[in-house]
Amino acid sequence: MKLSKGWIILIAVIGVIFLLVAWGTGINNNLVTKEEGVNQAWANVENVYQRRLDLIPNLVNTVKGVAKFEQQTLTAVIEARAKATSVQINPKNLDEGSLQKFQEAQNGVSSALGRLMVVVEKYPELKATQNFSELQAQLEGTENRITVERMKFNEAAQTYNTYLRRFPNSMFAGFLGFQKKAYFQAQQGAEKAPEVQF
């Protein structure tokens with residue numbers, strides 16, 4: 001049986017369409033996989049930040065009993081925590097603006113906790129209590145976890161963004177609605193070493 005020229009062209013066109021669909025499906029599946037990696041990394045970031053926020057009430061209550069005259073500092077910590085818990089981000093919308101709002105809220109918590117730790121230096125009896133020491137150790141460990149999870153998130157976002165921006169993936173990504181993810185940035189002024197005076 002001999003195929004006519006029209007049938008050969010039709011089969012070739014169907015074959016090309018099939019290859020394009022298969023290729024596009026592969027790109028879509030890879031983008032979905034990489035985006036889920038970013039989402040998982042983001043969930044881990046939120047988890048460690050939540051751990052820090054969960055430690056704050058215990059820390060404040062421990063300090064409150066000893067540092068009665070430092071109410072303003074304790075109030076600042078509580079307010080910073082409340083502000084940080086009010087900032088919610090959808091992992092599908094991790095753009096520069098939303099991530100910056102999240103970082104600003106978390107930086108407020110870090111700053112308030114830093115001021116609290118300075119105040120604690122005035123109260124040696126507080127530093128000597130086991131409960132405070134354990135909370136401080138947990139807080140320090142949590143800060144380290146935050147750094148690690150932020151780094152892992154940036155790595156996942158970079159892998160996703162690189163794949164997304166490569167040609168021809170970028171053509172399919174825009175058509176399929178995939179967007180670039182933002183990165184965590186260092187705090188402004190972090191590039192300057194703190195000045196220590198004796």
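The values are calculated or read from the model by the stated rules, or taken from the named source; none is laboratory data. Not measured: the values here are computed from a predicted model. All Cβ positions, even for glycine, are placed from backbone atoms using ideal geometry, and neighbour counts span all protein chains on display.
Answer yes or no as to whether Glu140 is acidic (Asp, Glu), in a helix (DSSP H, G or I) and either in contact with a Gly (Cβ under 7 Å, 6 or more places away or on another chain) or closer than 30 Å to Asn161 by Cα (or both). Taking the combined requirement at face value, the residue does not satisfy it. With respect to the conditions (1) touching a residue at least 24 places away in the same chain (Cβ under 8 Å); (2) surrounded by fewer than 15 Cβ atoms within 10 Å (Cβ to Cβ); (3) more than 24 Å from the chain's Cα centre (by Cα); (4) assigned to a helix (DSSP H, G or I), Leu126 lacks only one, and its number is (2). Checking segment 28-39 against the condition returns no match, with no residue being of a type outside the set (A, V, I, L, M, F, W, C), at pLDDT below 90, surrounded by 16 or more Cβ atoms within 10 Å (Cβ to Cβ) and part of a helix (DSSP H, G or I).
Looking at segment 96-130, which of its residues are modelled with pLDDT of 85 or more and among the acidic types (Asp, Glu)?
Step one: of segment 96-130, the residues modelled with pLDDT of 85 or more are 96-114.
Residues satisfying the conditions are Glu96, Glu104.
When restricted to residues that are more than 30 Å from Asn39 (Cβ to Cβ), free of Cβ contacts under 8 Å to residues at least 60 places away in the same chain and hydroxyl-bearing (Ser, Thr, Tyr), segment 129-152 contains 1. Looking at segment 140-176 only, could you name the residues that are surrounded by 17 or more Cβ atoms within 10 Å (Cβ to Cβ) and among the polar types (S, T, N, Q)? Within segment 140-176, Thr142, Asn154, Asn161, Asn169 meet the criteria.
Among the residues here, Val21 qualifies as under 30 Å from Phe178 (Cα atoms), exposed (fewer than 12 other Cβ atoms within 10 Å of the Cβ) and of a type outside the set (Gly, Ala, Ser). Being surrounded by 18 or more Cβ atoms within 10 Å (Cβ to Cβ), among the hydrophobic types (A, V, I, L, M, F, W, C) and at pLDDT 85 or above is a description that applies to Val45.
For segment 3-18, the set of residues classified as loosely packed, with under 10 Cβ neighbours inside 10 Å and either touching a Gly at 6+ places or on another chain (Cβ under 7 Å) or in a helix (DSSP H, G or I) (or both) consists of Lys5, Gly6, listed by residue number.
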